[in-house]
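Q: Before I ask anything, here is the structure I am working with.
What follows is calculated from the coordinates using simple rules that are stated; it is not laboratory data. What you see is a predicted model, and the numbers here were worked out from it, not measured in a lab. With ideal geometry, Cβ positions are generated from the backbone for all residues, glycine too; neighbour counts draw on all protein chains shown.
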Amino acid sequence: MLSSVIGVILLLVHAAGVLAAMHAVMNTRTPQGAFAWALGLVLLPYITLVPYLYLGRSRFHGYVDLHRLRREQMQAMANTTLQSALSTPWVCERYEEIATMLRARFHPGQRLRLLVNGETTFNAMLSAIGEARHCVLMQFFIIHDDALGRRLQQVLLERARAGVEVCVLYDGIGSHALPSHYVDTLREGGVAIHPFATQRRSNRFQLNFRNHRKILVVDGTRGFVGGLNVGDEYLGLKPPLSPWRDTHLQIEGPAVADLQRSFAEDWHWVTGALPPLLRPEHAAGHTHTLIAATGPADRQETCSLFFVTLIHAARRRLWITTPYFVPDQAVMSALRLAVFRGVDVRVLIPSRPDHHAVFLATGLYAHDAVRAGIRVYRYQPGFLHEKVVLVDDDTASVGSMNLDNRSFRLNFEIGALSVGTEFAAEVEAMLREDFSHAHEVTEAEYLKAPYLRRLAMHVARLFDPVL
């Protein structure tokens with residue numbers, strides 16, 4: 001009797017595996033991912049069926065439809081409000097494909113401040129919030145209930161008591177450890193705060209399509225974007241990853257309107273209402289800046305194409321910093337071609353892991369890159385989390401985008417692409433300092449690694465569609 005029950009259960013599991021494999025073939029975004037899921041679900045459903053429930057879903061039509069409609073409406077509103085031309089300035093024409101793809105624009109006259117570590121970043125952001133008079137729009141992937149999180153909480157509550165409208169979004173999975181009393185305290189104090197999810201109805205099986213964006217806009221005039229979340233580790237206070245290396249950016253000028261617009265799209269999906277949208281002031285800076293908001297709801301794989309365009313634009317130098325180096329075929333091919341053009345291609349990655357599977361896959365891709373003539377460096381003092389790209393002598397990108405499949409296809413990301421020699425020189429100086437604390441990766445790192453570690457690298461790379 002027991003054996004018959006077990007047999008029926010095994011048959012049902014295999015049948016469920018076949019059905020899930022059919023779903024994977026029809027819905028997975030890449031052929032490699034579809035093949036990997038289908039093979040595992042048919043042959044090893046006992047192992048892969050549960051992970052597929054959490055990671056395999058790739059459709060969220062309600063969000064997609066509303067996202068595209070809201071983007072068009074917000075773009076029309078921005079066009080009317082800003083009264084600026086849609087044409088790309090001649091100094092930015094190398095990146096016209098990005099502007100066209102994202103239906104975004106390069107705004108002239110931006111004043112930028114490069115925030116080169118967590119202490120500088122949060123001092124600037126908390127100070128800006130404390131000076132808010134009208135509204136604060138804030139969005140983070142991770143918010144922790146620790147010393148930094150409570151500092152932020154108190155500043156938000158103080159502004160709400162002063163009559164400032166405060167709107168906060170956090171990712172429901174990224175901030176899974178955020179206790180309910182933290183959120184309740186903010187709500188009771190007058191702060192509008194909500195978790196982000198691509199489905200309004202709770203779905204504990206939905207782990208993909210996280211909102212990885214980090215946005216802060218104060219009074220419509222000052223905007224912040226970059227790689228830092230809210231937590232003590234981002235201040236370098238949590239060994240063994242400390243000191244934490246990260247970068248953020250402060251923006252003043254019309255580009256802040258596009259940060260507001262990105263926040264408003266996500267806020268409207270979650271709440272059904274629009275947050276306060278204020279017209280930004282014209283700044284006296286010398287940089288053209290485009291806000292690149294990418295995500296899986298876009299018609300194209302915009303994040304991957306964003307990187308491909310930047311790489312193809314490089315003629316002399318291409319320096320990239322990323323905590324996770326798991327490039328897709330298009331990005332890797334573009335990097336190889338840049339080497340053939342004689343471009344100085346350098347990639348800075350961590351020497352310590354925060355996610356072991358991604359770290360292993362990064363090591364194998366680093367080996368492939370070195371063999372292709374790309375110079376790869378490992379940052380030594382602590383964990384490297386910054387997401388910065390420097391192109392030639394005039395272009396830099398600072399944002400939340402990693403060089404991995406999650407950023408390319410599964411996460412909602414945002415960054416600021418800026419063209420201007422003065423700002424690029426600041427980024428160059430920062431990156432030179434970073435590279436001075438790194439050692440260059442050689443082929444020996446992989447070749448001399450123990451066999452089991454090399455095997456683990458190759459196994460980890462099999463899962464790069466979900467890393």
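Q: For I47 and V339, what does the FRET efficiency come to when R0 = 56 Å and r is the distance between their Cβ atoms, rounded to the nearest 0.05?
A: On the way: r = 39 Å, r/R0 = 0.70.
Between I47 and V339 the formula returns 0.90.
Q: Among residues other than T309 whose Cβ falls under 11 Å from its Cβ, what is the net charge (Lys/Arg +1, Asp/Glu -1)? Numbers along the way, then the final one.
A: On the way: positive: R94; negative: E96, E97.
Summing Lys and Arg as +1 and Asp and Glu as -1 gives -1.
Q: Of the beta bridges DSSP finds with both residues in the chain, what % are antiparallel, to the nearest 5?
A: Numbers: 43 of 68 bridges.
DSSP beta bridges in the chain are roughly 65 percent antiparallel.
Q: Still on this structure, I have one more. Quick one: putting +1 on the C-beta of Lys and Arg, -1 on the C-beta of Asp and Glu, what dipole do you get for the chain around its Cα centre, in Debye to the nearest 20?
A: 920
Q: Please express the Cα-Cα pair-distance distribution P(r) of the chain as a list of whole percents, one per 10 Å bin, running from 0 to the bin with the greatest distance.
A: 4, 20, 30, 27, 14, 4, 1, 0, 0
Q: Using label points projected 7 Å from each Cα along Cα→Cβ, tell me how many nm separate H439 and S127, to one decimal.
A: So the label points at H439 and S127 sit 3.8 nm apart.
Q: Helix-derived [θ] at 222 nm for the chain: sum -39500 (n - 2.57) over DSSP H runs of at least 4, divide by residue count, nearest 500?
A: Helix-only estimate at 222 nm: -14000 deg cm²/dmol.
Q: Please compute the length gained on full extension between R315 and E119, using 0.36 nm multiplied by the number of residues separating them and subtracting their Cα-Cα distance.
A: 67.1 nm
Q: Same structure, new question: For K387, go through the aspartates and glutamates and keep the ones whose alpha-carbon is under 13 Å away, minus same-chain ones fewer than eight residues off.
A: D246, D404, E413, D434
Q: Within straight cross-link reach of K448, meaning Cα distance under 19 Å, which aspartates and glutamates are found once same-chain residues fewer than 8 apart are removed?
A: List returned: D368, E440.
Q: Within the chain, which whole H helices from DSSP have a Cα span along their axis of at least 27 Å and a mean Kyte-Doolittle hydropathy of -0.5 or more, if any? Please report the intermediate quantities before stating the final value.
A: Values: long enough: 2-27 (37 Å, 1.90); 61-82 (31 Å, -0.80).
Both cut-offs are met by 2-27.
Q: Quote to one decimal, in nm, the extra length available between F35 and L12 on full extension: 0.36 nm per residue of separation minus the C-alpha distance between them.
A: 6.1 nm is the gain from fully extending F35 to L12.
Q: Further question: Give the calculated FRET efficiency between E158 and A284 to the nearest 0.05, with a Förster radius of 30 Å applied to their Cβ-Cβ distance.
A: 0.50
Q: For the residues H181, H14, H212, what sequence is obtained by ranking on other C-beta atoms within 10 Å, fewest first?
A: H181, H14, H212
Q: Right, here's the next one. Find the centroid of the Cα atoms in region 398-446 and in region 218-259, then give the distance between the two in whole Å.
A: 15
Q: State the extension gain, in nm to one decimal, for the chain segment bounded by E93 and S4, taking 0.36 nm per residue of separation less the distance between their alpha-carbons.
A: Working: separation 89, 0.36 × 89 = 32.04 nm, distance 6.88 nm.
Length gained, E93 through S4: 25.2 nm.
Q: Where Rh is the Kirkwood radius over the Cα pairs of region 94-158, the temperature 10 °C and the viscosity 1.306 mPa s, what D in µm²/s does Stokes-Einstein return?
A: Stokes-Einstein gives a translational diffusion coefficient of 108 µm²/s.
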